[in-house]
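Asks: Below you will find the structure I want to go over with you.
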Amino acid sequence: MIDLTGKVAIVTGGAASIGAAISEKLHQLGAAVVIAARSADKGEAMVARLGERALYVQTDITVDAQLEALVAAAVETFGGIDILVNNAASYDDDGAASSREQWLGTLNANAVSPAILGELARPHLKARKGCIVNVGSISGIAPHIGRWTYPVSKATMLHLSKTQAVEYAQDGIRVNMARLGHIWSDPFEGLTGDNRQHADKVSEPYNLMGRVADAEEVANVVAFLASPLASYVTGAEYPVDGGYSAMGPEQHYPLMPLLMEGQG
């Protein structure tokens, strides 16, 4: 049983979609949760839903002063920081045609901001032998046609996670990544017109589970990585992808029978 009683967690992008599920799970397991998000309406609604041990701090993660204020608010309100979940992300991507502004903006949000926030939280995490969980993507290990800035930023985040793990080990801080596959989330809802059945059908060839995941399934893995149960886990990538990264180019359809179809 995961018990986070007495722990304090910051979750960026923690008011909506996957981030909301992570905030809810950590809170359910006993942690005080500091929800960092740009949308005040969503952030305040999350706090109202969670009740005690929840704080919303309006935050643009690309602004250093706001990251400093986020860390300060967590420490002032709850006395310290045990868990940092870097979940917020930018999806501004026009593939090969992406502008310099889109490139810099996406890299800034998805790689630079988690690095800056990790360093700001570092002394507080060190004091409580805390941990960082970065939320990555299969896009960071496999190129996707028509998408450039987002996959490259997630590949950068993957290396950042390992760099943080190596650098912060001396402080007793663990750093891991939950590497996500196809998750029922705001992007999937928007692209499918809120059609979960269609999303499952499209996703089926790309993973071994034959469906997209629920956001809570991501939250469960994040909670494990943030908990004492993962006390000997650092520098790791935990795939939450239904087997996407286990498959090769043949996916999960056998080649030989297809070759023999219509023969002899």
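Asks: Which of (1) buried (at least 18 other Cβ atoms within 10 Å of the Cβ); (2) more than 22 Å from the chain's Cα centre (by Cα) does PRO249 not meet, given it meets every other one?
Replies: Condition (1) is where PRO249 drops out.
Asks: Here is a further query. For the stretch 83-112, how many residues meet the condition of being touching a residue at least 60 places away in the same chain (Cβ under 8 Å) and surrounded by fewer than 23 Cβ atoms within 10 Å (Cβ to Cβ)?
Replies: Number of matching residues: 2.
Asks: Tell me, please, whether a residue that is in contact with a strand residue (DSSP E or B) (Cβ under 7 Å, 6 or more places away or on another chain), polar (S, T, N, Q) and surrounded by 17 or more Cβ atoms within 10 Å (Cβ to Cβ) can be found in the stretch 197-208.
Replies: No, that holds for no residue.
Asks: Test ALA215 against the stated conditions and say whether it is among the small types (Gly, Ala, Ser), at pLDDT 95 or above and farther than 28 Å from LYS126 by Cβ.
Replies: Yes.
Asks: Oh, and also: Yes or no: the stretch 40-53 includes at least one residue that is hydrophobic (A, V, I, L, M, F, W, C) and within 23 Å of ILE173 (Cα to Cα).
Replies: For the stretch 40-53, residues hydrophobic (A, V, I, L, M, F, W, C) and within 23 Å of ILE173 (Cα to Cα): absent.
Asks: Okay, next question. Looking at ALA127, is it surrounded by fewer than 17 Cβ atoms within 10 Å (Cβ to Cβ) and aliphatic (A, V, I, L, M)?
Replies: yes
Asks: Among the residues of the stretch 17-29, are any modelled with pLDDT under 95 and over 18 Å from ALA88 (Cα atoms)?
Replies: The answer is no; no qualifying residue exists.
Asks: Considering each residue of the stretch 25-45, count those that are crowded, with 21+ Cβ neighbours inside 10 Å and more than 16 Å from LEU117 (Cβ to Cβ), and give that number.
Replies: 6
Asks: Next question, about the same structure. Which ranges mark the helices (runs of 4 or more DSSP H) fully within the stretch 190-264 that have 2 or more residues being within 29 Å of VAL85 (Cβ to Cβ)?
Replies: It comes to 196-203, 215-226.
Asks: Further, regarding this structure: Write out, first by first residue and then by second, each pair whose Cβ atoms fall under 6 Å of each other, whose residues are 6+ apart or on separate chains, and whose first residue, in the stretch 3-19, is on the phi > 0 side of the Ramachandran plot while the second is surrounded by fewer than 24 Cβ atoms within 10 Å (Cβ to Cβ) and at pLDDT 95 or above.
Replies: Taking only residues 6 or more apart or on different chains, not a single pair turns up.
Asks: Name the single residue, out of those in the stretch 1-24 being in a loop (DSSP other than H, G, I, E, B) and more than 14 Å from the chain's Cα centre (by Cα), that is surrounded by the fewest Cβ atoms within 10 Å (Cβ to Cβ).
Replies: MET1
Asks: Pull out all pairs, ordered by first then second residue, where Cβ-Cβ is under 6 Å, the residues are six or more apart or on different chains, the first lies in the stretch 49-76 and is free of Cβ contacts under 8 Å to residues at least 24 places away in the same chain, and the second is of a type in the set (Asp, Glu) and surrounded by fewer than 20 Cβ atoms within 10 Å (Cβ to Cβ).
Replies: Sorted first by the residue in the stretch 49-76, then by its partner, the pairs are GLN66/ASP60.
Asks: To continue, here is another question. Being surrounded by 15 or more Cβ atoms within 10 Å (Cβ to Cβ), among the hydrophobic types (A, V, I, L, M, F, W, C) and over 21 Å from the mean Cα position of the chain (by Cα) is the filter here, so list the residues in the stretch 46-72 that pass it.
Replies: Scanning the stretch 46-72 gives a single hit, ALA69.
Asks: Enumerate the strands (runs of 3 or more DSSP E) found wholly within the stretch 81-183, keeping only those where 2 or more residues are basic (Lys, Arg).
Replies: 174-180
The values are calculated or read from the model by the stated rules, or taken from the named source; none is laboratory data. All figures in this text were calculated on a predicted structure; none of them were measured in a lab. Ideal geometry is used to build each Cβ from the backbone, glycine not excepted, and the neighbour counts take in all protein chains shown.
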